[in-house]
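Everything below concerns the one structure shown next.
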Amino acid sequence: MNDSPSNRQKRILVTDYAWDSLDVEKKILEKVNASLVVATTGDENELVSLAADVDGILTCWKPVTERVINNSPNCQVISRYGIGLDNIDVAFSTKTGIVVTNVPSYCVDEVSDHAMALLLALGRKVAFYDRAIKSGTYNLRSETPLYRLRGKTLGIVGFGAIGQALYQKARGFGLKVIAYDRRLAGNPTSQHDVSSVTFAELLRTSDYISIHVPLTATTRHLFNRDTFSQMKPSAFLINTARGDIIDSEALLEALDSKLILGAALDVLSTEPPAANDALVLHPRTVITPHAAFNSQESLEDLRQIASIQIAEVLSGRVPSHIVNRDVLKRPNLRARFELPLNEREG
């Protein structure tokens, strides 16, 4: 029958997106008889209302909260446009039998390139000189002294795929690289000439620190008044991960009191920031608008992979990038996969 569950056109809620159109998503999801429901503001009340009759959710940055999930009885899958999952209530999704996916290999080159670009902008004072010239000061000594990069120490916090890609690029500039990653127990990998150090040692010895960890309860405000007091007064901090890994007020104090020399931030605690945001306007910060992930190639990959995850679930196939694999063992699993349970558990 045309109105049976298998023949009913499925609906996918898009909470937000950062590109010009949803043509890529539409093309992929039309193949599994699914149409898009696109949020206008992406605020929680709107998402709660729109989620009531959808089979899946595609989300970029807007929070997919317990309220949203709880009001979506038909939702089988939530697919993140990206790697991090801090905007999705994964625990509640699992509890209610919803598969959550992400795009784990997304934008490794772009983010590591951007982190390296921010490091260079700080080290060679590129943005600072540019501001001075555009405000009428043409003076090569206005941002001196400058120091060569070769021989300086880059501390990478989080030595996953992006941290390792940054390591390769930094080595080309002659930087010594050290890394802190709780998962690596003293030895990042045999393939990398990197010293694995404690967090305290990384803070104490790094000339540049680049953050590449997810935002979790453990990493929220990982950089705070105490950590800034342990850094070199000549050190620079770079963040292309998540804004709340840094305590913004503490960073502002550290810059004002010259506990550290400068910071380059692609991510902020509030995005977009207020027009009078003190960190954005600070003379010793470089700010970019959460742009590290962005390239034509990365966005094409992102949109395709995120949409394919939903299409696989709606077609009864286990998607490639499940982040909450425990959901496959739950008796209330909403997806109807073709594989037997013992195969799903692998």
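The values are calculated or read from the model by the stated rules, or taken from the named source; none is laboratory data. The shown structure was predicted, so the numbers you read here are calculated from the model rather than taken from an experiment. For neighbour counting, all protein chains shown are included, and Cβ atoms are generated from backbone atoms with ideal geometry for every residue, glycine included. Ligands, DNA and RNA are stripped out before the accessible areas are found, and what is left, the full protein with its side chains, is counted by its heavy atoms. Shrake-Rupley method; radii C 1.70, N 1.55, O 1.52, S 1.80 Å.
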remark   = In region 188-201, residues that are of a type outside the set (Val, Ile, Thr) and surrounded by 16 or more Cβ atoms within 10 Å (Cβ to Cβ) total 4
message = Can you say whether residue 299 is part of a helix (DSSP H, G or I) and closer than 23 Å to residue 152 by Cα, as far as the supplied structure shows?
response = no
Those residues of region 66-90 which are open to solvent by less than 30 Å² (accessible area, probe 1.4 Å) and in a helix (DSSP H, G or I), in sequence order = 68, 69
query = For region 159-168, how many residues meet the condition of being surrounded by fewer than 18 Cβ atoms within 10 Å (Cβ to Cβ) and among the polar types (S, T, N, Q)?
reply = 1
note = Scanning region 39-65 residue by residue, the ones that are within 21 Å of the chain's Cα centre (by Cα) and assigned to a helix (DSSP H, G or I) total 1
message = Anything in region 107-158 that is assigned to a helix (DSSP H, G or I), of a type in the set (D, E, K, R) and either over 30 Å from residue 83 (Cα atoms) or open to solvent by 50 Å² or more (accessible area, probe 1.4 Å) (or both)? List them, or say none.
response = 109, 113, 130, 131, 134, 141, 143
task = Quick one: which residue in 183, 171 is open to solvent by 60 Å² or more (accessible area, probe 1.4 Å), over 30 Å from residue 274 (Cα atoms) and under 23 Å from the mean Cα position of the chain (by Cα)?
result = 183
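Could you tell me which of the residues 220, 204, 242 is more than 22 Å from the chain's Cα centre (by Cα), open to solvent by 40 Å² or more (accessible area, probe 1.4 Å) and modelled with pLDDT of 95 or more?
204
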ask   = Which one of 93, 49 is among the small types (Gly, Ala, Ser), open to solvent by less than 20 Å² (accessible area, probe 1.4 Å) and within 30 Å of residue 244 (Cα to Cα)?
value = 93
note = Those residues of region 268-306 that are touching a strand residue (DSSP E or B) at 6+ places or on another chain (Cβ under 7 Å) and open to solvent by less than 20 Å² (accessible area, probe 1.4 Å) come to a total of 4
